[in-house]
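S.K.: Have a look at this one before I ask anything.
The values are calculated or read from the model by the stated rules, or taken from the named source; none is laboratory data. For clarity, every value in this text was computed on a predicted model and none was experimentally measured. Glycine also receives a Cβ, built like all others from the backbone with ideal geometry; neighbour counts cover every protein chain displayed. We work out accessible area using only protein heavy atoms, side chains counted, and drop any ligands, DNA or RNA first. Shrake-Rupley method; radii C 1.70, N 1.55, O 1.52, S 1.80 Å.
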Amino acid sequence: MKIFPAIDILGGRVVRLTGGDYSEKKVYADDPEAVASNFMSAGADCLHVVDLDGARSGRTDNAAVVRKLSATGMLVEIGGGIRTEDRIKEYLDCGAGKVILGTAAVKKPDFLDEMLLKYGERIAVGVDARNGKVAVNGWEEVTSVDAVDFCKSLQSRGAGHIIYTDISKDGHLQGTNMSIYKVLCQTLSLKITASGGITYLDEIEELKKMNVYAAILGKAVYEGRLDLRAAIAVAEE
């Protein structure tokens, strides 16, 4: 199983939100490159990057930062406000290994199908859920779309990788929603990345046993509740 430490960028700084609330943010660093370097020193070779500015604006507000992070040699996946092919191309040209479509995947299904056909494995679909319903536009709008049903539809349409986040768990340091990943792993055959609230090493062990493809680690690492080097060792052993 792969481990993706997360760098969420807002105003050029590394932050973490609580429950997806922009008003509940904590700044951890002013230099995303320095944070990525620390992650590399702990053994990480993958990086999950979210442009929180772009998630609301729909622009590539932090493309220059993504270019610098990609230059480290880490496999960078980037999400946040990517709703056009020009945005996809810009991030891929910046060196990102994978681009995450979230809002566009829900609101522009034909566009998603076209991008999956054109870019294949370089596209991941971010499924962000609040109370079992898909949320969009930087988690600020909750739709009536059932999250599990949406994941099933994505597989049938050719998606190879989903990143599932339970927003209610994100940033609370109380563990992730293990039951949803059990359901998804039993239901789907595509790559599943677990995201949102992962806090404990035994969660890494359990996710690995489920054959989850990857886990994204955020606030627990920044707050010293979860040792990144230890998490990587558990995931890779």
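S.K.: Could you please find all residues in region 189-199 being crowded, with 18+ Cβ neighbours inside 10 Å and either aliphatic (A, V, I, L, M) or assigned to a helix (DSSP H, G or I) (or both)? I'd like the intermediate steps shown before the answer.
M.R.: Taking region 189-199 as the starting set, the residues that turn out to be crowded, with 18+ Cβ neighbours inside 10 Å are 192-199.
Hits for region 189-199 are ILE192, ALA194, ILE198.
S.K.: Sticking with this structure for a sec: Could you tell me how many of the residues in region 46-64 are touching an Asp or Glu at 6+ places or on another chain (Cβ under 8 Å) and either among the hydrophobic types (A, V, I, L, M, F, W, C) or part of a strand (DSSP E or B) (or both)?
M.R.: Residues of region 46-64 that are touching an Asp or Glu at 6+ places or on another chain (Cβ under 8 Å), as a first pass: 46-54, 56, 59-63.
Those still in the list that are either among the hydrophobic types (A, V, I, L, M, F, W, C) or part of a strand (DSSP E or B) (or both) too: 46-52, 63.
Of the residues in that region, 8 qualify.
S.K.: For region 13-27, which positions are closer than 17 Å to VAL65 by Cβ and more than 18 Å from the chain's Cα centre (by Cα)?
M.R.: Of everything in region 13-27, just one residue is closer than 17 Å to VAL65 by Cβ and more than 18 Å from the chain's Cα centre (by Cα), namely VAL27.
S.K.: In region 100-132, which residues are among the β-branched types (Val, Ile, Thr), in a helix (DSSP H, G or I) and either touching a Ser or Thr at 6+ places or on another chain (Cβ under 9 Å) or open to solvent by 50 Å² or more (accessible area, probe 1.4 Å) (or both)?
M.R.: Going residue by residue through region 100-132, those that are among the β-branched types (Val, Ile, Thr) are 100, 103, 106, 123, 125, 127.
Filter once more, keeping what is in a helix (DSSP H, G or I): 103, 106.
VAL106 - this is the single residue of region 100-132 that is among the β-branched types (Val, Ile, Thr), in a helix (DSSP H, G or I) and either touching a Ser or Thr at 6+ places or on another chain (Cβ under 9 Å) or open to solvent by 50 Å² or more (accessible area, probe 1.4 Å) (or both).
S.K.: Could you tell me whether any residue of region 4-26 is hydrophobic (A, V, I, L, M, F, W, C), open to solvent by 20 Å² or more (accessible area, probe 1.4 Å) and in contact with a strand residue (DSSP E or B) (Cβ under 6 Å, 6 or more places away or on another chain)? Quick ask: steps written out before the conclusion?
M.R.: In the first step, residues of region 4-26 are kept if they are hydrophobic (A, V, I, L, M, F, W, C); the result is 4, 6-7, 9-10, 14-15, 17.
Narrowing the set further to residues that are open to solvent by 20 Å² or more (accessible area, probe 1.4 Å) leaves 10.
Adding the requirement that they be in contact with a strand residue (DSSP E or B) (Cβ under 6 Å, 6 or more places away or on another chain) leaves none.
The answer is no, given that none of the residues of region 4-26 is hydrophobic (A, V, I, L, M, F, W, C), open to solvent by 20 Å² or more (accessible area, probe 1.4 Å) and in contact with a strand residue (DSSP E or B) (Cβ under 6 Å, 6 or more places away or on another chain).
S.K.: Could you please find all residues in region 152-176 being farther than 12 Å from THR199 by Cβ and polar (S, T, N, Q)? Explain how you work it out, then say what you get.
M.R.: So in region 152-176, the residues farther than 12 Å from THR199 by Cβ come out as 152-168.
Scanning region 152-176 gives SER153, GLN155, SER156, THR165, SER168.
S.K.: So the check is Cβ under 8 Å with 6+ separation or different chains; which pairs have a first residue in region 120-144 that's free of Cβ contacts under 8 Å to residues at least 24 places away in the same chain and of a type in the set (A, V, I, L, M) and a second one that's open to solvent by 30 Å² or more (accessible area, probe 1.4 Å) and in a strand (DSSP E or B)?
M.R.: VAL142/ARG130; VAL142/LYS133
Residues checked against (1) closer than 28 Å to THR103 by Cα; (2) open to solvent by 10 Å² or more (accessible area, probe 1.4 Å):
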position	(1), (2)
LYS169	yes, yes
LEU184	yes, no
LEU201	no, yes
GLU237	no, yes
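S.K.: Do we find that ALA220 is closer than 20 Å to MET115 by Cβ, of a type in the set (A, V, I, L, M), over 13 Å from the mean Cα position of the chain (by Cα) and outside any strand (DSSP E or B) in this structure? Step through it out loud before you land on a result.
M.R.: Values: closer than 20 Å to MET115 by Cβ: no; of a type in the set (A, V, I, L, M): yes; over 13 Å from the mean Cα position of the chain (by Cα): yes; outside any strand (DSSP E or B): yes.
When the stated conditions are applied, ALA220 does not pass them.
S.K.: Of all residues in region 4-45, how many are in a strand (DSSP E or B), touching a helix residue (DSSP H, G or I) at 6+ places or on another chain (Cβ under 9 Å) and closer than 22 Å to ILE82 by Cβ?
M.R.: Residues in region 4-45 being in a strand (DSSP E or B), touching a helix residue (DSSP H, G or I) at 6+ places or on another chain (Cβ under 9 Å) and closer than 22 Å to ILE82 by Cβ: 13 in total.
S.K.: Could you look through region 65-92, keep only residues that are assigned to a loop (DSSP other than H, G, I, E, B) and either aromatic (Phe, Trp, Tyr) or under 22 Å from ASN137 (Cα atoms) (or both), and pick out the one that is modelled with the lowest pLDDT?
M.R.: For region 65-92, the residue satisfying everything is GLY81.
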